[in-house]
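Engineer: So that we are looking at the same thing, I have put the structure below in structure tokens.
The values are calculated or read from the model by the stated rules, or taken from the named source; none is laboratory data. What you are looking at is a predicted structure, and each value in this text was computed from that prediction instead of being measured. All Cβ positions, even for glycine, are placed from backbone atoms using ideal geometry, and neighbour counts span all protein chains on display. We work out accessible area using only protein heavy atoms, side chains counted, and drop any ligands, DNA or RNA first. Shrake-Rupley method; radii C 1.70, N 1.55, O 1.52, S 1.80 Å.
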Amino acid sequence: MSPPISDGMVVTINYVLRNRGGELLDSSDDGEPLAYLQGAGNIVPGLERELEGKQVGDKLHAVIAPTDAYGERSGPEPQPIPRERFPDDADIEEGMQIVARGPDGEEVPLWVVGIDDDSVTVDHNHPLAGETLYFDVEVMAVRAATAEEKAHGHPHGLNDEDHHHHH
Ligand code: ZN
């Protein structure tokens, strides 16, 4: 028996994420299971809440409203930015997140939603904003986080030679 999931535990899950129409949005199938630190906001709040108290081997189906996931869509429509505003060697792809500077120098996260020869269209909503999320999750492992992991707010892999500290 593993301990139940609570804040400060590193949890490893396999998951499939679909939207309301049943379309596959994301899954852990094509890679490693996802490891996250419970209570640190690594995953959307609604899913973190659903996983609280679960144990290894538990499977759950969770329906998460936008307000407990990536929020409702809001604010201005997506807007095009001229290509020349980006560095020539910028490797821009649809779906990627970029950080712009606001008028007061503050960081503004934006997501690329379209690219053509002249412009890059960006949206300040997360791509999954406004979506109700349908998760199927299986809990694969649960362990206590190390002091270092708690300090960083994310898990470290067991043989994670590539762990870069981008904080
Ligand atoms: Zn770290």
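Engineer: Of Ala69, Ala144, Ala151, Ala90, which residue is of a type in the set (A, V, I, L, M) and surrounded by 14 or more Cβ atoms within 10 Å (Cβ to Cβ)? Break it down into steps so the answer makes sense when it comes.
Structural biologist: Numbers: Ala144 fails: surrounded by 14 or more Cβ atoms within 10 Å (Cβ to Cβ); Ala151 fails: surrounded by 14 or more Cβ atoms within 10 Å (Cβ to Cβ); Ala90 fails: surrounded by 14 or more Cβ atoms within 10 Å (Cβ to Cβ).
The conditions single out Ala69.
Engineer: How many residues does the range 96-113 contain that are closer than 17 Å to Arg73 by Cα and either surrounded by 12 or more Cβ atoms within 10 Å (Cβ to Cβ) or at pLDDT below 90 (or both)? Steps first, please.
Structural biologist: Start the filter on the range 96-113 by keeping residues that are closer than 17 Å to Arg73 by Cα, which leaves 97, 108-113.
Applying the additional criterion that residues be either surrounded by 12 or more Cβ atoms within 10 Å (Cβ to Cβ) or at pLDDT below 90 (or both) yields 108-113.
Count: 6.
Engineer: Does Pro76 satisfy being without any contact (Cβ under 8 Å) to a residue 60 or more places away in the chain and open to solvent by 40 Å² or more (accessible area, probe 1.4 Å)?
Structural biologist: Numbers: without any contact (Cβ under 8 Å) to a residue 60 or more places away in the chain: yes; open to solvent by 40 Å² or more (accessible area, probe 1.4 Å): yes.
Yes.
Engineer: A follow-up question, please. Out of (1) more than 30 Å from Val56 (Cβ to Cβ); (2) open to solvent by less than 60 Å² (accessible area, probe 1.4 Å), what's the single condition that is false for Leu128?
Structural biologist: Exception for Leu128: condition (1).
Engineer: Pairs needed: first member in the range 44-58, on the phi > 0 side of the Ramachandran plot; second member anywhere, open to solvent by less than 40 Å² (accessible area, probe 1.4 Å); C-beta distance under 9 Å; at least 6 residues apart or different chains.
Structural biologist: Pairs found: Gly53/Ile5; Gly57/Ser2; Gly57/Val139.
Engineer: Also, I was wondering about something else. May I ask you to list pairs of residues, at least six apart or on different chains, whose Cβ atoms are under 6 Å apart, with the first in the range 88-113 being in contact (Cβ under 8 Å) with a residue 24 or more places away in the chain and closer than 13 Å to Pro127 by Cα and the second being open to solvent by 40 Å² or more (accessible area, probe 1.4 Å) and in a loop (DSSP other than H, G, I, E, B)?
Structural biologist: Within 6 Å, the pairs are Val113/Pro78.
Engineer: Considering each of Glu52, Glu84 in turn, give the residue that is within 30 Å of Ile5 (Cα to Cα), more than 16 Å from the chain's Cα centre (by Cα) and open to solvent by 70 Å² or more (accessible area, probe 1.4 Å). Give the steps one after another, and end with the answer.
Structural biologist: Details: Glu84 fails: within 30 Å of Ile5 (Cα to Cα).
Criteria check complete, one pass: Glu52.
Engineer: Taking Leu47 as the residue in question, decide whether it is surrounded by 15 or more Cβ atoms within 10 Å (Cβ to Cβ) and modelled with pLDDT of 90 or more.
Structural biologist: yes
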